[in-house]
Amino acid sequence: MLNIRVATRDDVVVIAEIHEICWRDAYGFMPEEVLSNRNRSYRQQQWQKWFDEDKSNKNEALFVFEESGKPVGFCMCKPNDDDMLIGAKGELHALYVLPKYRTFGISYLAISTLSKYLVERDLSPLCCWAFQENKIWRWYERLGFKRMIARNRRINNVDVPEFGMVHFEPIKLIELTERQLKRAH
């Protein structure tokens, strides 16, 4: 059975493993120097630092998906700190699920959970970033996100084109994802 819970320090190693696997799977279009730099060690340091900096007390949230008690994915949100997306207060920052556990409902559960967290803290409108070659941005558009900007993100001296997207009606987004979750069960 699928469950979502708040991540703990004990999850750092498994989150790093999931992050590395999912990056390679979802972003195979990126140059190898980008993918190899974002290895498990890099991700473990990234998430350990998140806990060390006590980000959960800075309106950031990190959640773990479990299937029958086994971690199979994670999602994360935070206040928007990118002034390129004017007006967006909260960011849906990460959503990664191991390929064999991706189901119709898990992404809706993530979007609903993250959106509720941000709305409860008055961090809306909501934004997200999606690499242009990763067609997930089309799904975000179907959820009501609007493409506001196209730019290059510089990763390891490589420009990777991305879209910045904003959802101006987060309550409608939550309602939509909740309806989709009911359909999935």
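Every read-out reported here was derived from the displayed coordinates using simple, explicitly stated rules and does not represent laboratory data. Note that this is a predicted model, so its numbers are computed, not measured. Virtual Cβ from ideal backbone geometry, glycine too; neighbours counted across all protein chains shown.
If you take the beta carbon distance between residue 169 and residue 82 as r and set R0 to 22 Å, what does 1/(1 + (r/R0)^6) give as a FRET efficiency, to the nearest 0.05? Rounded to the nearest 0.05, the efficiency is 0.60.
Going by neighbour counts of Cβ atoms within 10 Å, the residues 124, 115 line up, fewest first, as 124, 115. By the beta-carbon count within 10 Å of each Cβ, the least crowded to most crowded order of 112, 56, 41, fewest first, is 41, 56, 112.
Read through the labelled values (1) 17; (2) 20; (3) 26 and report the label of the one computed as percent of Cα pairs over 28 Å apart from the structure. The listed entry that was calculated here is (2).
With the simple spin-label model, which puts each label point 7 Å out from Cα in the Cβ direction, the residue 178 to residue 55 separation comes to 2.8 nm. Between the alpha-carbon centres of the range 79-94 and the range 10-43 there is a gap of 23 Å. All other residues with a Cβ under 11 Å from the Cβ of residue 34 taken together, and with Lys, Arg as +1 and Asp, Glu as -1, what is their net charge? Local charge sum for residue 34: +1. Counting other Cβ atoms within 10 Å as a rough exposure proxy, the listed residues 148, 165, 84 run 84, 148, 165 from fewest neighbours to most.
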